[in-house]
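Chemist: The structure's right below; bear with me while I get my questions together.
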Amino acid sequence: MYRKNLWEKYVNYDEIMNFNEGYKEFITKGKTERLCVAEATKLAQEAGFKPLESFKHLKAGDKVYSINRGKNISLFVIGKKSIEQGLNILGAHIDSPRIDVKQNPLYESTNFALMDTHYYGGIKKYQWVTIPLAMHGVIYRKDGSCVEVHIGDKPTDPVFGIGDLLIHLSADQMQKTASKVIEGEDLDLTVGSIPLKDAEKDKVKANVLAILKKEYNVDEEDFLSAEIEIVPAGPARDYGIDRSMVAGYGHDDRVCAYTSLKAILDIKEVPNNTACVILTDKEEVGSIGATGAQSSYFINVIAELLNLEGNYDELKLRHALTNSKMLSSDVSVGVDPLFLNVTESKNSAFLGHGIVLNKFTGSRGKGGCNDADPDFIAYLRNIFDSNDICFQTAELGKVDQGGGGTIAYILANYNMHVIDAGIPVLNMHAPMEIVSKADVYEAYLAYMAFIKA
């Protein structure tokens, strides 16, 4: 059904509400890509999925997962047809805009200990000051051992923050543009203020280091081989007096990651084509690196599957990619009643109206976009209508207003059918984003119908 209000479709909202309880738990636990992979792995194992390396041969119905460097996970339900005949793929990213700790972060100033940071992805920097922040990540010691750091999300944990200038002294600051009112180098994290009595200098910094040594057995130099992410503290919450929405950090794009993940975990019958979900990293900075969608990891995994099927050669791998169909499961811009001037109503997505098909994203003259084939869109319309699924179509704002990209064009480079299909979001890239619970549930149903088709 095209452009139908979902709340009018459902008589009973229990299914929608119950499904979103699981989603809220997922994004509360999975605030970084590593934590998302850990939670996805746990859920996959509970659903009977086994690691790729445990298989010596694959047959229809096998449930397989593969992890790449702790920051990607791909899952497969092997279909009745050979992999060479193509896969039905859902691809989402699990990184979100945030603040990263630098390699030499810790310093002291005016009796405060602070950490230098560098923001990751597209953020409005002024949104990240004076809010409670949590710290999640890993620190590797020189001997190769690893310690995980998680501070700020348990009710008894301390939180961190970035200060802002009080309104009484901000006359000069208030004259700056929004992009300059908080500079990138000023996003420094306050981490302590108690001095270590026996220290000779930088006594507050020394006390922080002493705590880190006691709690985690790490030294200052170990920050050189650390990956620590600063994210908003606290759980995802119901939003609105009617509890119709979810407020939380990282809906972009963990809302599509969770619904895609649940779709493949809940497959009960052996699909015709192999069903696949891949959750990737680094989308917010161009999908680069070993864990981004441009990495050879995904192709390598498909090659491994063909080999375990007893059917590998280079030509069959290329056939498998060309014959595949993919939904690039990424969020879209939802129409905000406070900012109607940046969207065009006929070609925009509305919260509560179902999954969004973006034929193209990109910016201005479709720069950097994947432009989906119309025959593929017709194919999807048929699937959605046959399964009583509400969907809508949209573009990313008015022409010349701005734009953005996804992983769609990267997978389309393999000559497969790809279109962006995700959930509309308000406050995208802010520390608190908003989605409709009805859209979350409908996306799950849409993804399930697609990978089973």
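Chemist: For residue 140 and residue 166, FRET efficiency with R0 = 51 Å and r from the beta-carbon atoms, rounded to 0.05?
Modeler: For residue 166 and residue 140, the calculated efficiency is 0.80.
Chemist: Between residue 385 and residue 109, what is the label-point separation in nm under the 7 Å Cα-to-beta-carbon projection?
Modeler: Each label point is offset 7 Å from its Cα along the Cβ direction, giving 6.1 nm.
Chemist: Among the listed pairs 81/262; 180/203; 50/268, which are separated by more than 28 Å between their Cα atoms?
Modeler: 180/203
Chemist: Under the Karplus relation 6.51 cos²θ - 1.76 cosθ + 1.60, θ = phi - 60°, what is the ordered set of whole-Hz ³J(HN,Hα) values for the stretch 212-221, x standing for Gly and Pro?
Modeler: 4, 5, 5, 7, 10, 6, 10, 10, 4, 5
Chemist: Also, I was wondering about something else. So who's got an amide H within less than 5 Å of the one on residue 274, skipping anything under 5 residues away but keeping other chains? H placed 1.01 Å off N, in plane.
Modeler: 79, 81, 88
Chemist: Mind sorting 391, 376, 160 by how few other Cβ atoms lie within 10 Å of their own Cβ, fewest first?
Modeler: Arranged by neighbour count, lowest to highest, 391, 376, 160 become 376, 160, 391.
Chemist: log₁₀ I(q)/I(0) of the chain at q = 0.09, 0.11, 0.13 Å⁻¹, via Debye over equal Cα point scatterers, no solvent, to two decimals?
Modeler: After summing over all Cα pairs, the log10 values are -0.61, -0.89, -1.19.
Chemist: Now for a separate question. Note down the relative contact order for the stretch 5-71 as a percent, whole number, built from C-alpha pairs under 8 angstrom at least six residues apart.
Modeler: It comes to 25 percent, rounded to a whole number.
Chemist: I need to check one value: relative contact order of the chain, counting alpha carbon pairs closer than 8 Å and at least 6 residues apart, in percent.
Modeler: Taking the mean separation of contacting Cα pairs over the length of the chain, I get 24 percent.
Chemist: Based solely on its DSSP helices, what 222 nm [θ] is calculated for the chain when runs of n ≥ 4 H residues each add -39,500 (n - 2.57) and the sum is averaged over all residues, nearest 500 deg cm²/dmol?
Modeler: Rounded to the nearest 500, the figure is -8000 deg cm²/dmol.
Chemist: Give me the Å³ per residue figure for the convex hull around the C-alpha atoms of the stretch 193-352.
Modeler: It comes to 272 Å³ per residue, whole-number rounded.
Chemist: In addition: Placing unit charges on C-beta atoms (Lys and Arg positive, Asp and Glu negative, everything else neutral), compute the dipole magnitude of the chain about its Cα centre in debye, rounded to 20.
Modeler: Using Cβ point charges on Lys, Arg, Asp and Glu, the chain gives about 740 debye.
Chemist: Counting other C-beta atoms within 10 Å, which of 128, 7 has the fewest, and how do the rest follow?
Modeler: The order, fewest Cβ neighbours first, is 7, 128.
Chemist: Set the bar at 27 Å for Cα to Cα. Now go through 29/176; 24/63; 31/125; 63/359; 59/316; 154/214 and name every pair that lies beyond it.
Modeler: 29/176; 63/359
Chemist: Quick check: Cα centre of the stretch 97-133 to Cα centre of the stretch 242-275, how many Å?
Modeler: For the stretch 97-133 versus the stretch 242-275, the Cα centre distance is 31 Å.
Chemist: Then there's this: Which value, in Å³ per residue, describes the convex hull spanned by the Cα atoms of the stretch 98-232?
Modeler: 123
Chemist: Once Rh is set to the Kirkwood radius over Cα pairs, what Stokes-Einstein translational diffusion coefficient, in µm²/s, holds for the stretch 297-453 at a temperature of 37 °C and a viscosity of 0.692 mPa s?
Modeler: 197
Chemist: Now for a different question. Rounded to the nearest 10 degrees, what's the angle between the helix 374-386 long axis and the longest principal axis of the chain, both from Cα atoms, 0 to 90?
Modeler: 90
Chemist: What is the extension gain from residue 344 to residue 54, computed as 0.36 nm multiplied by their sequence separation minus the C-alpha to C-alpha distance, in nm to one decimal?
Modeler: Roughly 99.3 nm would be gained on extension.
Chemist: Determine ³J(HN,Hα), in whole Hz, for all residues of the stretch 127-139 in sequence, where each value follows from phi through the Karplus function 6.51 cos²θ - 1.76 cosθ + 1.60 and θ = phi - 60°; x replaces Gly and Pro.
Modeler: Per residue, the Karplus-derived 3J(HN,Hα) values read 6, 9, 9, 6, 10, x, 10, 10, 10, 9, x, 10, 10 Hz.
Chemist: If I take every Cα pair under 8 Å that is 6 or more residues apart in the stretch 33-189, average their sequence separation and divide by the length, what percent do I get for the relative contact order?
Modeler: RCO, the stretch 33-189: 16 percent.
Chemist: Here is a further query. Scan the stretch 159-261 for GluC sites (Glu not before Pro) in coil per DSSP, keeping those whose Cβ has at most 13 other Cβ atoms within 10 Å, and list them by number.
Modeler: 183, 200
Rule-based calculations on the coordinates, nothing more; no lab input. All figures in this text were calculated on a predicted structure; none of them were measured in a lab. FYI the Cβ positions are ideal-geometry reconstructions off the backbone, even for glycines, and counts take in every protein chain you see.
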